[in-house]
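K.L.:
Pasting in a structure now, in structure tokens, and then I'll have a few things to ask.
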Amino acid sequence: MSLVEKIIRADVRALSAYHVPDASGFLKLDAMENPYTLTPELAQKLAQHLASIELNRYPVPSYTALKTSLAKHFDVPAGFDLVLGNGSDELIAMVSTACAIPGAKVLAPLPGFVMYAMSAKFAGMEFVGVPLKPDFTLDTGAMLAAIAEHKPAITYLAYPNNPTGTLYDANDIVAILQAVGDTGIVIIDEAYQPFAQTSFMPRLAEFPNMVVMRTVSKLGLAGIRLGYMSGAKNLMNEFDKVRPPYNVNVLTEAATLCLLEHAEVFEQQAAQLREQRSQLAIQLSALPGVEVFPSSANFLLIRLTNPLDFEKSDGYGDQVFTKLLEQKILVKNVGKMHYLLKNCLRITVSTAKENAAFLEALKQSL
Ligand SMILES: *Cc1c(COP(=O)(O)O)cnc(C)c1O
């Protein structure tokens, strides 16, 4: 036995590493990043603020000022505490760690965000995926049946969903919250809230088993890595115990405090991207063989069928993806992620200029 075989878990050895393609020289439309950078004035202000931070000190682990600012700007109801993460990816890992009682299960619709299943696996929990309907709406009947059968400790609902962009019906989500009852928690992952403009955050008091999770990543600050979640105090107290005490670094803390004073900048950018999303959806729908799914996020999911011969659409999504790559455009090929996503590509909505460049390249690729 090699050293690796002796000490590394077999299920970890069997995994392939999370692959992030090298995007240098590409128009990058694969990761839902906000295309806008800071204005020179704001960059200057931030630089001055960051220069004043004492990097020799650990963060103050209560993060009181940061939590107060986040709660104020993002409408967390009074009396609800926040737990902070190094991105919501870390929050997902923390919840899994805290809930990993032997035999406990995690449930989520599929196709969905890959970290739910990954994180469950890392924590040694069984993951149960429930297929969406072919139009990517929630199969509520199947969800309720799976909840009754598996009694999941954690149920994830991304609102709106990644990679489909679907905003599930709020009544279906309430039905799921009620079905889970006091046997588990339901995490409403609102990573795309700035583009959906609707939220379960104001309803926290209604559902003691609901956790609302957010991130500043899709709003335009993916690089600083900050996620937050809120829910009933007794739950947050326990999740906070498995949080590494200094998980949010002083630069992230200071940058967030400084930039949230200018929250309107990011709100305007989100509004522009919502407008671009509608325009791009209309333009894409006009192309032969392109089906666009409704999206409440800052990306669009499209399905490609060979416009010359529908019968010959097998692998057509891969072909178009490759032709886009040849033109230095990087989107996400999700065609092999799940059977419902055959021939589908996910495209981040960007500026009018970048969207036009993508559209032109797509026309050349069909
Ligand atoms: C991007 C994304 C996240 C991850 O956010 P980070 O804060 O950058 O870790 C979480 N959930 C969903 C559904 C996402 O698409």
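K.L.:
Here is a list of conditions, (1) modelled with pLDDT under 95; (2) surrounded by 18 or more Cβ atoms within 10 Å (Cβ to Cβ), and GLY85 meets all of them except one; can you say which number that is?
P.N.:
With respect to (1) modelled with pLDDT under 95; (2) surrounded by 18 or more Cβ atoms within 10 Å (Cβ to Cβ), GLY85 is out only on (1).
K.L.:
Further, regarding this structure: Are there any strands (runs of 3 or more DSSP E) wholly within the stretch 225-339 with 2 or more residues that are surrounded by fewer than 20 Cβ atoms within 10 Å (Cβ to Cβ) and either among the β-branched types (Val, Ile, Thr) or touching a Lys or Arg at 6+ places or on another chain (Cβ under 9 Å) (or both), and if so which?
P.N.:
290-292
K.L.:
One residue is enough: does the stretch 291-298 have a residue meeting the conditions within 16 Å of the ligand (Cβ to nearest atom), in contact with a Ser or Thr (Cβ under 7 Å, 6 or more places away or on another chain), touching a residue at least 12 places away in the same chain (Cβ under 8 Å) and closer than 20 Å to ALA31 by Cβ?
P.N.:
yes
K.L.:
Which ones in the stretch 28-81 are in contact with a Phe, Trp or Tyr (Cβ under 7 Å, 6 or more places away or on another chain) and surrounded by 11 or more Cβ atoms within 10 Å (Cβ to Cβ)?
P.N.:
Listed by number, the residues that qualify are LEU29, MET32, PRO59, PRO61, LEU70.
K.L.:
Could you figure out which of (1) more than 22 Å from the chain's Cα centre (by Cα); (2) crowded, with 21+ Cβ neighbours inside 10 Å isn't true of ALA142?
P.N.:
(2)
K.L.:
Among the residues that make up the stretch 166-178, is at least one of them on the phi < 0 side of the Ramachandran plot, touching a Leu at 6+ places or on another chain (Cβ under 8 Å), of a type outside the set (Asp, Glu) and away from the ligand (no atom under 15 Å from the Cβ)?
P.N.:
Yes, there is a match, as at least one residue in the stretch 166-178 is on the phi < 0 side of the Ramachandran plot, touching a Leu at 6+ places or on another chain (Cβ under 8 Å), of a type outside the set (Asp, Glu) and away from the ligand (no atom under 15 Å from the Cβ).
K.L.:
Still on this structure, please answer the following. Being buried (at least 20 other Cβ atoms within 10 Å of the Cβ) and either of a type in the set (A, V, I, L, M) or closer than 20 Å to TYR339 by Cα (or both) is the requirement here; does LEU107 meet it?
P.N.:
Here the answer is yes, as LEU107 does meet what is asked.
K.L.:
Can you say whether PHE310 is out of contact with any His (no Cβ under 6 Å at 6 or more places or on another chain) and without any contact (Cβ under 8 Å) to a residue 60 or more places away in the chain, as far as the supplied structure shows?
P.N.:
Considered against the rule, which asks whether it is out of contact with any His (no Cβ under 6 Å at 6 or more places or on another chain) and without any contact (Cβ under 8 Å) to a residue 60 or more places away in the chain, PHE310 comes out as yes.
K.L.:
Confirm whether ASP172 is outside any loop (DSSP other than H, G, I, E, B), in contact with a Ser or Thr (Cβ under 9 Å, 6 or more places away or on another chain) and surrounded by fewer than 24 Cβ atoms within 10 Å (Cβ to Cβ).
P.N.:
yes
K.L.:
Inspect the stretch 311-329 for any residue being within 23 Å of the chain's Cα centre (by Cα) and aliphatic (A, V, I, L, M) and give the result as yes or no.
P.N.:
Yes, some residue in the stretch 311-329 is within 23 Å of the chain's Cα centre (by Cα) and aliphatic (A, V, I, L, M).
K.L.:
Any residue at all in the stretch 9-21 that is in contact with a strand residue (DSSP E or B) (Cβ under 9 Å, 6 or more places away or on another chain) and of a type outside the set (D, E, K, R)?
P.N.:
The answer is yes; a qualifying residue exists.
K.L.:
For the stretch 214-242, how many residues are within 16 Å of the ligand (Cβ to nearest atom) and of a type outside the set (Gly, Ala, Ser)?
P.N.:
Within the stretch 214-242, residues that are within 16 Å of the ligand (Cβ to nearest atom) and of a type outside the set (Gly, Ala, Ser) number 12.
K.L.:
How about the stretch 55-155: which helices (runs of 4 or more DSSP H) wholly inside it have at least 2 residues that are under 22 Å from TYR168 (Cα atoms) and within 16 Å of the ligand (Cβ to nearest atom)?
P.N.:
Answer list for the stretch 55-155: 88-99, 114-122.
K.L.:
What are the residues in the stretch 214-224 that are crowded, with 17+ Cβ neighbours inside 10 Å and either assigned to a helix (DSSP H, G or I) or touching an Asp or Glu at 6+ places or on another chain (Cβ under 7 Å) (or both), if any?
P.N.:
ARG214, SER217, LYS218, LEU219, GLY220, LEU221, ILE224 - these are the residues of the stretch 214-224 that are crowded, with 17+ Cβ neighbours inside 10 Å and either assigned to a helix (DSSP H, G or I) or touching an Asp or Glu at 6+ places or on another chain (Cβ under 7 Å) (or both).
K.L.:
Now, a different point. Among (1) outside any strand (DSSP E or B); (2) in contact with a helix residue (DSSP H, G or I) (Cβ under 9 Å, 6 or more places away or on another chain); (3) more than 10 Å from the ligand (Cβ to nearest atom), there is one condition VAL211 misses while meeting the rest; what is its number?
P.N.:
If we test VAL211 against (1) outside any strand (DSSP E or B); (2) in contact with a helix residue (DSSP H, G or I) (Cβ under 9 Å, 6 or more places away or on another chain); (3) more than 10 Å from the ligand (Cβ to nearest atom), just (1) comes out false.
K.L.:
For the stretch 69-76, indicate whether the set of residues that are under 17 Å from GLY223 (Cβ atoms), touching a helix residue (DSSP H, G or I) at 6+ places or on another chain (Cβ under 7 Å) and modelled with pLDDT of 95 or more is non-empty.
P.N.:
No, the stretch 69-76 contains no residue that is under 17 Å from GLY223 (Cβ atoms), touching a helix residue (DSSP H, G or I) at 6+ places or on another chain (Cβ under 7 Å) and modelled with pLDDT of 95 or more.
K.L.:
Starting from the stretch 252-267, keep only residues that are closer than 13 Å to VAL216 by Cα, then list their pairs with residues that are outside any helix (DSSP H, G or I) and at pLDDT 95 or above whose Cβ atoms are within a distance under 7 Å, requiring at least 6 positions of separation or different chains.
P.N.:
Between residues of the stretch 252-267 that are closer than 13 Å to VAL216 by Cα and residues that are outside any helix (DSSP H, G or I) and at pLDDT 95 or above, the close pairs are THR252/ARG225; THR252/LEU226; GLU253/PRO59; GLU253/TYR63; THR256/VAL216; THR256/LEU226.
K.L.:
If you take the residues of the stretch 210-252 that are basic (Lys, Arg) and over 28 Å from SER350 (Cβ atoms), which of them is nearest to the chain's Cα centre (by Cα)?
P.N.:
Looking at residues that are basic (Lys, Arg) and over 28 Å from SER350 (Cβ atoms), I get ARG243.
K.L.:
Quick one: would you say PHE195 is of a type in the set (Phe, Trp, Tyr) and free of Cβ contacts under 8 Å to residues at least 60 places away in the same chain?
P.N.:
no
The values are calculated or read from the model by the stated rules, or taken from the named source; none is laboratory data. Every value quoted in this text rests on a predicted model; they were computed, and no experiment measured them. Glycine gets a Cβ as well: all are built from the backbone with ideal geometry, and neighbour counts include every protein chain shown.
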